[in-house]
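Following this message is one structure expressed as structure tokens.
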Amino acid sequence: MEKQGKLRVGIAGWGSSCVSYVRSLTQIDSAQALVAVDPYHPHALEISRIAPSLAFKGDILTLVSGSDVDAVIFCEPTGNIFPLLKRALQCNKHVMASSASAISSRQLQELARLAGRQRRLLMFAEERLFQPALTFLRRMLSEKSGLWRPQYLRGLSISGTSNGDAPPFASLVEEALALCARLIEAQPDTISGIACRTSGHADPVAAFLNLTYGEGKVASLQISLAEAQEVRQWVLATASKTILVDECDPRAPLRIISSNATGMAAGLLHSNPPTPLSDWPGESTVTPPVIAADPATELCRHFVESALKRDLNQGNALFWADVASTWEAAQQSMALSGAPVGVATGLGGETARKHPQLKLIRGRGVGDINQGKRPILTVVSR
């Protein structure tokens, strides 16, 4: 049970995000970081400097089973995280995990059902939703605002090889798919994808994904581990404006570019004296000011406050189950050389696909087709 209006939080895992979460929790009055796992953690010394009173325990199971914490934050990497999350929920802990990339859509559905039965909050980190420029963009795209209607969304996510700490490729792709779903406010109907692989490596180093939605909306995502410079950009095209979010540009993370030649011409033509044609601007760019914020701290604050209120509606496991289902469909499309694949949508992908999946079999020009055995099933088009 949460005591005295404070949530006692344990930190589990070896990822560098451990340091960020510990630092964030020390800034939240309603949270108390009590336990971190493993005194031999690579960041143990830095964590101890940030929170001198923080205790360390030898293993994660001891942490999640103990009565001295109300919630557990799992940071990458933690090996096979699914049974750990399941165990934490069974021990009546609120749970937040820094990534859902190692968990299948079916496993996420199972965790969501378990969290509901236990009346515990299960949340997967969406830190970038608290990035001010993206917060602004989401608000403008929301159904409540109705201000901008997107024609298409384009995302570019490059982890950057120069930083030496690239996340797993699946994690990078699912993060891009999740943010795309949040901005469009829908899961895609179909997805097609092309993967770029290097010799000797099974996992892709880049993926190029095209997503289609209802009402004609489309999105295109490019994700890469191969390029040296980190890039995180989102471009939204509307009928009259182009909105550019550059997460790596601290000076101008958000730009709104307007182009309306007809409207400009009418205004400039009737000015007194008339503006020379050579001076007419083709476009105008506005850089709205955004309030600086620490996304990690805001994410932790959201988790802590939601857990204390037992606001289970803030759980997002079913949302991530849909994201995982989209990634699974993308992998099928990649195996089919980019053929579009329907995405199972609904509560965590529980809705059946609209059409059966077909696999493309290439003969590679070997043998004589007339000498082969007659297939059991022959499909003849009308």
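The values are calculated or read from the model by the stated rules, or taken from the named source; none is laboratory data. Owing to the predicted nature of the structure, the values given are computational and were not obtained by experimental measurement. Cβ coordinates were reconstructed from backbone atoms using ideal geometry, including for glycine residues, and neighbour counts include every protein chain displayed.
Working only within segment 298-329, note down all residues that are of a type in the set (S, T, N, Q) and either surrounded by fewer than 24 Cβ atoms within 10 Å (Cβ to Cβ) or not in a helix (DSSP H, G or I) (or both). Steps first, please.
Taking segment 298-329 as the starting set, the residues that turn out to be of a type in the set (S, T, N, Q) are 306, 313-314, 316, 325-326.
Scanning segment 298-329 gives S306, N313, Q314, N316.
Cβ-Cβ below 7 Å, separation at least six or inter-chain, first residue in segment 80-101 and closer than 16 Å to Y21 by Cβ and β-branched (V, I, T), second part of a loop (DSSP other than H, G, I, E, B) and at pLDDT below 95: which pairs?
Going by the 7 Å Cβ cut-off, the qualifying pairs are I81/A102; I81/I103.
A further question follows. Would you check if V72 is touching a strand residue (DSSP E or B) at 6+ places or on another chain (Cβ under 8 Å), modelled with pLDDT of 85 or more and assigned to a strand (DSSP E or B)?
Yes; evaluated as a whole, the condition is true for this residue.
Another question, if that's okay. Considering only residues of segment 96-108 that are out of contact with any Cys (no Cβ under 7 Å at 6 or more places or on another chain) and crowded, with 21+ Cβ neighbours inside 10 Å, which is nearest to L308 (Cα to Cα)?
As a first pass, look at segment 96-108 and keep what is out of contact with any Cys (no Cβ under 7 Å at 6 or more places or on another chain): 96-97, 99-108.
Filter once more, keeping what is crowded, with 21+ Cβ neighbours inside 10 Å: 96-97, 99-101, 103, 105, 108.
On the way: M96: 13, A97: 17, S99: 22, A100: 23, S101: 27, I103: 26, S105: 27, L108: 23 Å.
That would be M96.
Taking A292, is it assigned to a helix (DSSP H, G or I), small (G, A, S) and modelled with pLDDT of 55 or more?
Details: assigned to a helix (DSSP H, G or I): no; small (G, A, S): yes; modelled with pLDDT of 55 or more: yes.
It is false that A292 is assigned to a helix (DSSP H, G or I), small (G, A, S) and modelled with pLDDT of 55 or more.
Looking at this structure, is A207 in contact (Cβ under 8 Å) with a residue 60 or more places away in the chain, touching a strand residue (DSSP E or B) at 6+ places or on another chain (Cβ under 8 Å), among the small types (G, A, S) and part of a loop (DSSP other than H, G, I, E, B)? Quick ask: steps written out before the conclusion?
Details: in contact (Cβ under 8 Å) with a residue 60 or more places away in the chain: yes; touching a strand residue (DSSP E or B) at 6+ places or on another chain (Cβ under 8 Å): yes; among the small types (G, A, S): yes; part of a loop (DSSP other than H, G, I, E, B): no.
Answer is no for this residue.
What residue, of L34, L45, is without any contact (Cβ under 8 Å) to a residue 60 or more places away in the chain and surrounded by 19 or more Cβ atoms within 10 Å (Cβ to Cβ)? It would help to see each step written out before you state the result.
On the way: L45 fails: surrounded by 19 or more Cβ atoms within 10 Å (Cβ to Cβ).
From the options L34, L45, the qualifying one is L34.
Only one of these is in a helix (DSSP H, G or I) and either within 20 Å of M123 (Cβ to Cβ) or under 22 Å from the mean Cα position of the chain (by Cα) (or both): A12, A33, A88. Name it. Reasoning before the result, please.
Details: A12 fails: in a helix (DSSP H, G or I); A33 fails: in a helix (DSSP H, G or I).
Exactly one residue qualifies, and that residue is A88.
Quick one: in segment 226-239, of everything that is part of a loop (DSSP other than H, G, I, E, B) and touching a Gly at 6+ places or on another chain (Cβ under 9 Å), which residue is nearest to A133 (Cα to Cα)?
Initially, segment 226-239 is screened for residues part of a loop (DSSP other than H, G, I, E, B), giving 226-230, 238-239.
Checking which are touching a Gly at 6+ places or on another chain (Cβ under 9 Å) leaves us with 227-230.
Values: E227: 24, A228: 24, Q229: 21, E230: 18 Å.
Here the answer is E230.
Taking interchain pairs and intrachain pairs at least six residues apart, which have beta carbon atoms under 7 angstrom, with the first residue in segment 211-224 and without any contact (Cβ under 8 Å) to a residue 24 or more places away in the chain and the second surrounded by fewer than 21 Cβ atoms within 10 Å (Cβ to Cβ)?
Between residues of segment 211-224 that are without any contact (Cβ under 8 Å) to a residue 24 or more places away in the chain and residues that are surrounded by fewer than 21 Cβ atoms within 10 Å (Cβ to Cβ), there is no close pair.
Only one residue in S53, S48 is more than 28 Å from the chain's Cα centre (by Cα) and assigned to a loop (DSSP other than H, G, I, E, B). Which one?
Working: S48 fails: assigned to a loop (DSSP other than H, G, I, E, B).
Of the residues listed, the single one that is more than 28 Å from the chain's Cα centre (by Cα) and assigned to a loop (DSSP other than H, G, I, E, B) is S53.
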